[in-house]
Amino acid sequence: MILIIAEKPSLARNIAAGIGTMSRRDGYLEGCGYLISWAFGHLFSLCDIEAYNPSPDGSNRWTMDNIPCFPQKFRFELRKKDGKTIDPGVRKQFDIIKSLCNRPDVDTIVNAGDADREGEIIIRLCIENALESQKPLKRLWLPDQTPQTVAQALLDMKDESDYDNLANEGFARTYIDWLYGVNLTRYATLRTGTLLRVGRVIVPIVRAIYERDMAIRNFVPGKYIVPASREETNGETVELVSKKKFDENESDKALSLCEQYNSAGAVVTAVKRKKDKLSPGKLYSLSKLQNVLGKKFKMSMQESLDIVQKLYEKGYLTYPRTNSEYLATAEKDKVKKIISECAKLGYPVKFKDAKTIFNDAKIESHSALTPTYKIPKKDSLSEREALVYSTVFRRFIAVFCSEDCIISKTEITISVGELEDFTLKGNVILEPGWTKYDDRSGKDKILPKLEKGDSVTIDFKPTEKETSPPKHYTIETLNNYLKNPFREENAARKNASAENADIADEDDEEDYRAIFEGLELGTEATRTGIIDNARKSQYIALKKDVYTILPGGEFLIESLDHLRISMDKYKTSELGQALKKVFRGKITVDDSIALAKEQISDVFNACSGDSDSGFFGDIIGKCPLCGSDIRRMRSFYGCLGYKEKGCKFSVNTSICGKTFSIDNLRALITDGRTPIIDGFISKKSGKTFSAALKLDENGRAVFDFESKPAVRRQSFGSCPKCGKPVIKGKTAYGCSGWREGCDFRLNFEQNGHLITDEEAAVLIKDKKAD
C-alpha cells in the first residue's frame, strides 16, 4: 500500500482523480492500492522563544532577558490556534496521518506537497514527526494538477532524498526568517514601545517605498532651457527638440544657439523604411502576470495570486509560483498537446521550437505559466477568474500564433546644418497577426510624409522645461525592483524599450542571473504575502496599482535607522545568496544560519554611546524645569509632570536624522548643554553638520552654534581621591575635578619610561584600590 500525503485537501482530490475510483474515509481516501491523506498547509510551526529561553518570571511577556535567542536545535510544534492552544482540527488530522504512516500494510510514503521548497518541508515535517520506523520515501512532483499529469507523475516518482537540497534551503530560509523576526521584532518593539514587525524581506520592501516617497516629498524641481521647434512642413507638424540643455540663467546662450539653428536651415538627409516582424511578449512568470493584472485591472498582488492558485488547483493553469518566462525542452510534447486543444477552438496556432520559448538555462525549478490541455467553459469561471485565465491563455496563443505581426518601421533623419541631427522614428502595423489575441504595449506612431532632400520649416526658440520628480512605485515597478534591486536604470535601454516595447528578445540575462544568485528580495512564492502583510500592518498603502508609504511605515524605517538595524537590500541579498548556496549544496544550513546570527548580534552590540536612546519607559533623569522624572516615550523624552504640573519639557529621540542619546540628554538636563554632536543632517541642504544643544530661557532644547562646549574626553578611570573621571592632559593624567580643588595627578613618565594609556588605567585603578 502506498500512502500519499498531499499539502491540501484540494490537491488530494486532484491526485485521486488521476488514480481512479477511491472511497472516502475519515481524513483520507482509499482505493486502487493507495491511501491519500492531506495537511491543511502548515500543520507545524517553529516554537517561540519561550520554549528555548523562558522569561525569568515564567510569563510570555516580552523582555530583553531572553533575547537574542539562537537555538542550538530548532524545534517545531503543532500549529496553535491564536498562538495559545493547539488547533483541534490540526491535532486530529496529524493523528490520522500518524496512524496511516505507521500502518503495517503501508510500505511506501509519498511527499505530495506543492512543487516548491515550502511544500517540500510542510510534508517532510509531517512524516518526520509521525513515522516511528523507517520506510521508503518518494516525491510526487506536479507541474499541474490535471488527471493525465498526475497519472504520469506517479510513474516517474523519484526518491525523496533527491530533493534534500531543496528541503535544506526551505529549512534554512524558515530558521533565518524566524531568527530575524522574533529577535529584532521584540528588540525594536521594546526599544520604541510600538509593535514593529521586523523581517528579513518586509523591511527592505517598505524601505524602498519609503525612500521613493521621501525623494518625491523632498523633490525640488529644477528649470532648464532647450532649443525646440514646432512648425508645419507640407501641412504636417514637425516637432524637433534639441538634446542640448542650458541652465535657466543661460537664456542668452540658448537664444544664440536657436538663431544659429534657424540660420542654418533644416533638410531631410535620410529616410529608412522597412518591413519587420514584431514578436509577442514572453510567456508569464508570476510577477510579470501580476504586473499586467495590476496595471490593466487594478488587481492587487494578493488577489491575483489567490485567483491563479484557484485556477491551478482546478487544473486549468500550470504551477503558479514560477520565476521563469520560459518552458523546458522536456515539455515540448505536452505543449504540442495544449496547442492541439487550442486549434480545435479555432485559434491559428502552431508549434514553434525557438530558444525565446524553450530555454532550460533560464528555468530554476518551474517553467512559465501556461494553460493546460483542460480548457474551462466560459460559465465555469467567475468574472475575475476569467480575466486572469484569459490573460494567460491569450499570451499563450500569441506566442504560438501561426500569423506574424508585420510592421512598417520608418526612421527619418533631419539635419540642421552641421549643428545637430534629429531622428524621428515610427512604427505602423500592416498585418495584425498575434495582436488580434494579445495586447501590445506600443502604439502606432505615424510620421510626417517627408522624403530625402526635403526642406523642413523650423523656428527654434528657447523653451523652458522643468525636471520631474520620481514616480511612486506601482505593482509593476516595485516587482521589477524586487526581482533585481541592483539593476541600474539605463537611459539608453529605456529609449530602446520605448521604441521596441513589444520586442520579446530583449536581453534578460542580468535579471535571471540575479534570480539564480539569490539577489532578489523575496521570491515568487513569498513576495506577495510579505507585501500584503506590509499593507495589513499599515506600513504601506495600495490605491489602484500605486504604492505609497503610510505614517506607520515612516516610523518603522526611521526607528530602525535610529536603532542601527540595517535591514536593507544589501543584507537581505547577502542572505539570499547564502540560501541559494544551500540549495546547490555549496554550504550547509548551519553555515547560512551563522551568517544571520552574526548580523543579528551586530544589532544588539551596536546599542551604546551616541546610538543609545534607551528603552520605552526608561526613567532618564530629573526635569530641569519642574523636577519630575523624565521618561523615554515612543519617539521622545518627556516630563512626567505634564499632567499635575503642566510641564511641557520634551526632547525628540531623533533630531535632524541623528539619534539624541540618553548620555546627551543627561548632559543637557544636568549642565544645560551637550558636548558638540556630529552627524546632524540639514533638512534643507541634506548636508551634515555638528553642533551642541542647549536649553534656552524657556527650557527648550535648541542648537548652539556659537559657544563651544568642552569636547568629551576619554576617561581612564575614576579619581582615587574624589571619584570624578581621570582625563589625559599634555604631560600627565589628571582629575577632571581640578577646578573644585582635587590635585590627583599621574605623570606620563613612571620609573624611567613613558607609560601607555592601558598602563595608566591599571595604575589609576590600583591607586583607587589602595
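The values are calculated or read from the model by the stated rules, or taken from the named source; none is laboratory data. Source: prediction; values computed, not measured. Positions of Cβ are generated from backbone atoms using ideal geometry, with glycine treated the same way; all protein chains shown enter the neighbour counts. SASA here: full protein model, heavy atoms, side chains in, ligands and nucleic acids out. Shrake-Rupley method; radii C 1.70, N 1.55, O 1.52, S 1.80 Å.
Size of the dipole of the stretch 513-595 about the Cα centre, Lys and Arg at +1 and Asp and Glu at -1 on the beta carbon, nothing else charged, in debye to 20? Please report the intermediate quantities before stating the final value.
On the way: 13 positive and 12 negative charges, 48 e Å.
About 240 debye.
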- Query: Among Ser37, Ile67, Pro54, whose Cα sits farthest toward the positive end of the charge dipole of the stretch 35-79 (+1 at Cβ of Lys/Arg, -1 at Cβ of Asp/Glu, about the Cα centre)?
  - Reply: Ser37
- Note on the structure: Sorting Phe393, Ile540, Gly235 by the position of each Cα along the dipole of the chain (Lys, Arg +1; Asp, Glu -1; all at Cβ), the one nearest the positive end of that ordering is Ile540
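Whenever you get a sec, line up Arg745, Arg173 from highest to lowest accessible area (probe 1.4 Å, protein heavy atoms).
I get Arg745, Arg173, largest accessible area first.
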- Query: Hey, which lysines would be in cross-link range of Lys452, C-alpha to C-alpha under 22 Å, not counting anything within fewer than 8 residues on its own chain?
  - Reply: Lys272, Lys274, Lys275, Lys409, Lys425
- Task: Using amide H atoms built 1.01 Å from N in the peptide plane, name the residues 5+ places from Gly193, or on other chains, whose amide H lies under 5 Å from its own.
- Result: Phe616
- Note on the structure: Dipole check, the stretch 273-313, charges on Cβ (K,R +1; D,E -1), about Cα centroid: among Phe297, Leu283, Val308 the Cα furthest to the positive pole belongs to Leu283
- Query: Can you list residues whose amide H is under 5 Å from Lys80's amide H, if they're 5+ apart or on another chain and H is modeled 1.01 Å from N?
  - Reply: Asp87
- Based on DSSP H runs of at least 4 residues, each adding -39500 (n - 2.57), what is the mean residue ellipticity at 222 nm of the chain after dividing by all its residues, to the nearest 500 deg cm²/dmol? -11000 deg cm²/dmol
- Query: Once phi is turned into ³J(HN,Hα) by the Karplus curve 6.51 cos²θ - 1.76 cosθ + 1.60 with θ = phi - 60°, what whole-Hz value does each residue of the stretch 624-641 show in order, with x for glycine and proline?
  - Reply: x, 9, 10, x, 6, 5, 9, 10, 6, 9, 4, 9, 7, 9, x, 6, 7, x
- Task: Excluding residues on the same chain fewer than 8 positions from Lys648, give the lysines whose Cα lies under 17 Å from its Cα.
- Result: Lys622, Lys694
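Using a/c under 1.5 as the rounded threshold, could you call the stretch 142-271 rounded, prolate or oblate? The axes a ≥ b ≥ c are square roots of the C-alpha gyration tensor eigenvalues, and prolate needs a/b larger than b/c, oblate otherwise.
Working: a/c = 5.04, a/b = 1.85, b/c = 2.72.
In terms of gyration-tensor shape, oblate.
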- By the Cα gyration tensor axes a ≥ b ≥ c (a/c under 1.5 gives rounded; else a/b larger than b/c gives prolate, otherwise oblate), the shape of the chain is oblate
- Task: Enter the Cα centre distance for the pair the stretch 65-99 and the stretch 302-336, rounded to the nearest angstrom.
- Result: 32
- For the stretch 225-235, just list the computed ³J(HN,Hα) in residue order, Karplus coefficients 6.51, -1.76 and 1.60, θ = phi - 60°, integers in Hz, with x standing in for Gly and Pro. 10, 10, x, 9, 9, 9, 9, 8, 10, 6, x
- Query: Placing +1 at every Lys and Arg Cβ and -1 at every Asp and Glu Cβ, with all other atoms neutral, what dipole size does the chain have around its Cα centre, in debye to the nearest 20?
  - Reply: 1540
- Amide H within-cut-off set for Tyr547, under 5 Å, with H built and near neighbours excluded: Tyr473, Thr474, Ile475
- the chain - percent of accessible surface contributed by carbon and sulfur, probe 1.4 Å: 48
